[in-house]
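The block underneath contains the structure these notes are about, expressed in structure tokens.
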Amino acid sequence: MTEDSRIDDIYLRLNELTEDVTNLKIQAGTIGTSQVAIARTLSLASGLASDMREVKAEIREMKADIRNLNAGMEEVLRLLRNRNS
């Protein structure tokens, strides 16, 4: 192998390595971006789950209030019926 062909071979290998490194950088950037997106999504989902727990608790309280109102209305109606009898 002549000196020139050895140098050409070295440059060819160097160019291939440069391409490989560039591709790895692109992949790493994509993976990093995906990880950030996943972390943000998980954070958002966690916040929404917390909000949902609060909403469910408020709904339970509202249902209890409605039951109490119904019981109160039934009592009022019972008293009115007894008064009219």
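Quick check on this structure: which one of ASN82, ASN70, ASN23 is surrounded by fewer than 10 Cβ atoms within 10 Å (Cβ to Cβ) and either part of a helix (DSSP H, G or I) or on the phi > 0 side of the Ramachandran plot (or both)? Give the derivation first.
Values: ASN70 fails: surrounded by fewer than 10 Cβ atoms within 10 Å (Cβ to Cβ); ASN23 fails: surrounded by fewer than 10 Cβ atoms within 10 Å (Cβ to Cβ).
Going through ASN82, ASN70, ASN23 in turn, the sole match is ASN82.
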Which residues, taken from segment 34-56, are open to solvent by 90 Å² or more (accessible area, probe 1.4 Å) and either among the charged types (D, E, K, R) or at pLDDT below 85 (or both)?
ARG40, ARG53, GLU54, LYS56
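The values are calculated or read from the model by the stated rules, or taken from the named source; none is laboratory data. Given the structure is predicted, the values throughout are model-derived calculations rather than measurements. A quick note on method: Cβ atoms are made from the backbone with ideal geometry, for glycine too, and the neighbour counts reach across all protein chains shown. SASA here: full protein model, heavy atoms, side chains in, ligands and nucleic acids out. Shrake-Rupley method; radii C 1.70, N 1.55, O 1.52, S 1.80 Å.
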